[in-house]
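One structure below.
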Amino acid sequence: MPILKANQAGEGGTVIAVQLDNELDFYGCGDPRGYMSALRDMALECGITVPLFACAGQGGIVQATGLADGVMPTCNFYPDNRDPELEAKVLHYRALLEERGYPLLVTETNRSHTLLRRLLSCGVKLLGPYLQVSGTDFGFTNATNNWGRPLAFLTSDYDFGGMISPEGHIREEAYEGRLLSRLIAAYGAPLARAAAAGVRPALAGQAVGVAGPAALKLHGGGSLLFLTNLTDDDKTVTAAVPGAEEAGREPATITIPAGKSVALPYGVPLSIWGFAGTIVSSTAELHMAVTGTEGAALAFHAEGEGTVVLRLEEPAVIAAEHASAIRRDGDVVVTFDSGREARCLIRFQDGRLLRLIMTNRLKALYMDELKEDGSVRLVKPPQRSNAAEQAVQEWRRCDVPPALPTAGPDGCKKLASPSWLETEGIYRGYAWYGATVPSRPGRPPVKGVLIRRGSDVISLYADGRYAGTVVPGGSSRYVPLAAEAPVERLAARTEIWGHSNFDDIRLPGLRLSAMKGMKGMAAITDVRNVSGNWRVRRTAGPAGQAEPEDGIDSGLLPVVSFGGWLSADHPARECYSRTVPTSEAADSWTLHFDGLQSLVRLYVNGRDTGEVNPFDPYVDITPYVVPGRPVKLTVYAERMLGLPAGKVLLYEGVEAADWTLGAAGERELLAQAVDVRDRAALAEFPLELEPGGTAWLYGTCDNSAGGKGWRVRVDGSGLKLTVWMEGRIVGRIWTPGGDARPIMTGGSPDTFYLPGVWFRDRRAELCLWLEAVDRSRPGRLNALTFVSV
């Protein structure tokens, strides 16, 4: 806050407002007014004098700000860009905030400038496309988020189609941004102070796929009519111009490019640019204006034929080039074909000149400068080659033991019990958990391993043999072994992909307070399907509200499979109960409601264990079980008929003990890469690693001819890659293959970026940490393709 204060408007800085929090309506805040008021008071105590605001992420104005005094509510909109009812929704929020004396500010929205224009037409006073400039998450700085089902991993590229690419290239949408920016600047204060007039039924006939016209009344007179083409084809529509019928003029014919929106001036006073008169109507968009001592220049664009109608309040001399300019009924009607640049020069009695420059939309996009004398300068985006080149002449490979920790300076430490990595001072990178499986008389062989509350990426090894890789999202996960075997030692290589900036209750790993690692492992000696032979009865209230025993003679209850009772109720509120035996040789029991799509609450031996989340369907019932004694399970379920209840599995086994933990961040991993490099042998693509295998891959990379580096595309399957360039992690890639790979989102899932400025003497050392994470087949790296940026 002291930094913001020193840089706020009024104190010589450029900070014009401060956002106190972001999308609080997504969170379970019990007192948003009190919370936001506290943040407001903190800001004021720090000397912040610019406006304070907070945004609603899903339209919950009250839930986002509590309507706290002195905190302006704003909105984040992420609609379908082509929603035909968008304007109605936005106008609702504009009216809602206007009643409370606030403008409508859209602090986040999609990047499409067609959408931004639609928002502008509704009187929005802040247009915040997210995001405008893309970037890269270097190092171990990716994140997990709920943009999947519900879990997603963010890619190393943080790129949602921003106007600037992660490498700094200007994309086509940036020119759309310039066009809209210049349109806003052309009208200036009258547009800044404009008020939405709503959507008018001004189209002749039914123009299918066209939204609008939405009218924006300019301060001081006139309006802009916005027409939006919601289709993938150009649309030509006929629009009734305001006041045209009274003046005896024909409706205007307007061509709207596919997927674009145009803002057309009607009744706009020329006084905005220093002249007496009016732009009566126009089928061309005014997108740029410049004024000076000798007059002004206005630039218009249209598709096909365009018409600009002016009413001049004093005699003027008119000259046109590649355009028709005629006087008609007191108006000057300028018509042009946008296929050829056209000009119209209007000289007033005082000698001042008004120049109209008329062209097509493509030239308007690339118009970089307009001068008072009507001269223009166009800029074109640079042409970039997408040809692949050979940047690394030789690759070398060294395989390393996958189940042995790459420990830091302190080596491995013993743990009394498994703990979160953060509690052990580990916030990024990798960690290796080790544990033994206690030997017990009569213990059956191990069928698999249950990982308790694990995240983010866990690769499991039993006595050095690879068992599989899982992404539990903070939940538990059962990993079956390829074959039953006596197991003495377990090892779990754990990677922190990143922490979440959200608070999604569906998975423990998506909570704001979530930590990484695991809370235990159990060697599972028996997996029992206990889905059959449950006694069922109806309950009076919602799931969890009834007592475990309600006095009904259980001998009269039907015996069915779990969730198998066909009820006359909808939703069906039912109680299922059964007894299952337990082994004296076990000390770990977990229930798995596999495929559950209902709300359920579990009681074990009459004790409430809580609700079961379909996204987190594992319940550790060990605290409620006495080894060798039967366990009574009671489940209250609220089912939507037609949705599966899934099956109920009981995992029985032995809890792991004698825990150790070793960790490695960038420095430790890179140190290992250096230590084993002398053992590396020549490698050729395609490369293969056995399931669960790990290896280092080395190469010396030349910079691109232009010195701007490379975009490297990874072609492979069943592999994770962590890529170092000159000692820095530049990307983490997870190739397709196997059932463990999560949804990858946020940017390019199969490329990484080598910045040109990080090369030393035009060369850079690369080393790639490879992990084969598909238990069913070898990991395969087919090619690394280098494309100059």
* Asked: Do we find that Gly168 is under 22 Å from Ala364 (Cα atoms) and at pLDDT 90 or above in this structure?
  -> no
* To do: Could you check Ala284 against (1) under 23 Å from Tyr175 (Cα atoms); (2) modelled with pLDDT under 95; (3) hydrophobic (A, V, I, L, M, F, W, C) and say which number it fails?
  => (2)
* Structure fact -> Residue count, region 273-321, condition under 21 Å from Leu179 (Cα atoms) and either part of a strand (DSSP E or B) or among the hydroxyl-bearing types (Ser, Thr, Tyr) (or both), comes to 21
* Structure fact -> The number of residues in region 639-677 that are in a helix (DSSP H, G or I) and of a type in the set (Lys, Arg) is 2
* Asked: Within the bounds of region 676-689, is there any residue that is within 30 Å of the chain's Cα centre (by Cα) and under 20 Å from Arg493 (Cα atoms)?
  -> no
* For region 348-373, which residues satisfy the criterion of being under 21 Å from Ser271 (Cβ atoms) and surrounded by 15 or more Cβ atoms within 10 Å (Cβ to Cβ)? -> Phe348, Arg352, Leu353, Leu354, Arg355, Leu356, Ile357, Leu370, Glu372
* Tell me, which helices (runs of 4 or more DSSP H) wholly within region 1-75 include 3 or more residues that are modelled with pLDDT of 95 or more and surrounded by fewer than 17 Cβ atoms within 10 Å (Cβ to Cβ)? -> 2-6, 32-45
* **strands (runs of 3 or more DSSP E) contained in region 114-226 and holding at least 2 residues in contact (Cβ under 8 Å) with a residue 60 or more places away in the chain** => 152-154, 195-199, 210-217
* Here are Cys29, Cys46: which of them is in contact with a Phe, Trp or Tyr (Cβ under 6 Å, 6 or more places away or on another chain), farther than 19 Å from Arg100 by Cα and not polar (S, T, N, Q)? -> Cys29
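For (1) touching a strand residue (DSSP E or B) at 6+ places or on another chain (Cβ under 7 Å); (2) of a type in the set (Lys, Arg); (3) closer than 30 Å to Thr660 by Cα, each residue gets a yes or a no:
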site: Glu305; (1), (2), (3): yes, no, no
site: Ile326; (1), (2), (3): yes, no, no
site: Arg343; (1), (2), (3): yes, yes, no
site: Asp350; (1), (2), (3): no, no, no
site: Leu354; (1), (2), (3): yes, no, no
site: Asn360; (1), (2), (3): yes, no, no
* **Tabulated pairs, region 706-718, first assigned by TED's automatic domain parsing to the domain that holds Ile733, second among the basic types (Lys, Arg), C-beta under 6 angstrom, 6+ apart or interchain** => Gly716/Arg780; Ser717/Arg780
* Any hit, region 760-772, residues being at positive phi and either touching a helix residue (DSSP H, G or I) at 6+ places or on another chain (Cβ under 8 Å) or in contact (Cβ under 8 Å) with a residue 60 or more places away in the chain (or both) -> yes
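Each row is one residue, and each column tells you yes or no for (1) hydroxyl-bearing (Ser, Thr, Tyr); (2) closer than 30 Å to Arg775 by Cα; (3) modelled with pLDDT of 90 or more.
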site: Leu310; (1), (2), (3): no, no, yes
site: Ala325; (1), (2), (3): no, no, yes
site: Arg328; (1), (2), (3): no, no, no
site: Val333; (1), (2), (3): no, no, yes
site: Gly351; (1), (2), (3): no, no, yes
site: Lys363; (1), (2), (3): no, no, yes
site: Leu370; (1), (2), (3): no, no, yes
site: Pro402; (1), (2), (3): no, yes, no
* **Hits in region 135-149 (condition: within 12 Å of the chain's Cα centre (by Cα) and either crowded, with 20+ Cβ neighbours inside 10 Å or of a type outside the set (A, V, I, L, M) (or both))** => Thr144, Asn145, Asn146, Trp147, Gly148
* Please find, among Gly544, Gly564, Gly517, the residue that is closer than 21 Å to Leu602 by Cβ, modelled with pLDDT of 90 or more and surrounded by 13 or more Cβ atoms within 10 Å (Cβ to Cβ). => Gly564
* Asked: What is the one condition in (1) buried (at least 17 other Cβ atoms within 10 Å of the Cβ); (2) closer than 28 Å to Gly595 by Cα; (3) not basic (Lys, Arg) that Ala482 does not satisfy?
  -> (1)
* To do: Restrict the check to region 699-711 and report whether at least one residue is of a type outside the set (S, T, N, Q) and more than 20 Å from Ser385 (Cα to Cα).
  => yes
* **Residues satisfying the stated conditions in region 490-520, i.e. among the polar types (S, T, N, Q) and closer than 20 Å to Asp21 by Cβ** => Ser500, Asn501, Ser513
* Say whether the condition of being under 40 Å from the mean Cα position of the chain (by Cα), under 28 Å from Ala491 (Cβ atoms), surrounded by fewer than 21 Cβ atoms within 10 Å (Cβ to Cβ) and in contact (Cβ under 8 Å) with a residue 60 or more places away in the chain is met by at least one residue in region 628-649. => yes
* Structure fact -> With the first residue restricted to region 486-500 and required to be at positive phi, and the second required to be among the hydroxyl-bearing types (Ser, Thr, Tyr) and part of a strand (DSSP E or B), Cβ contacts under 6 Å at 6 or more apart or on different chains are Gly498/Thr144
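The values are calculated or read from the model by the stated rules, or taken from the named source; none is laboratory data. None of the values given here were measured: they were computed from a predicted structure. Every residue, glycine as well, gets a Cβ built from its backbone with ideal geometry; the counts of neighbours run over all protein chains shown.
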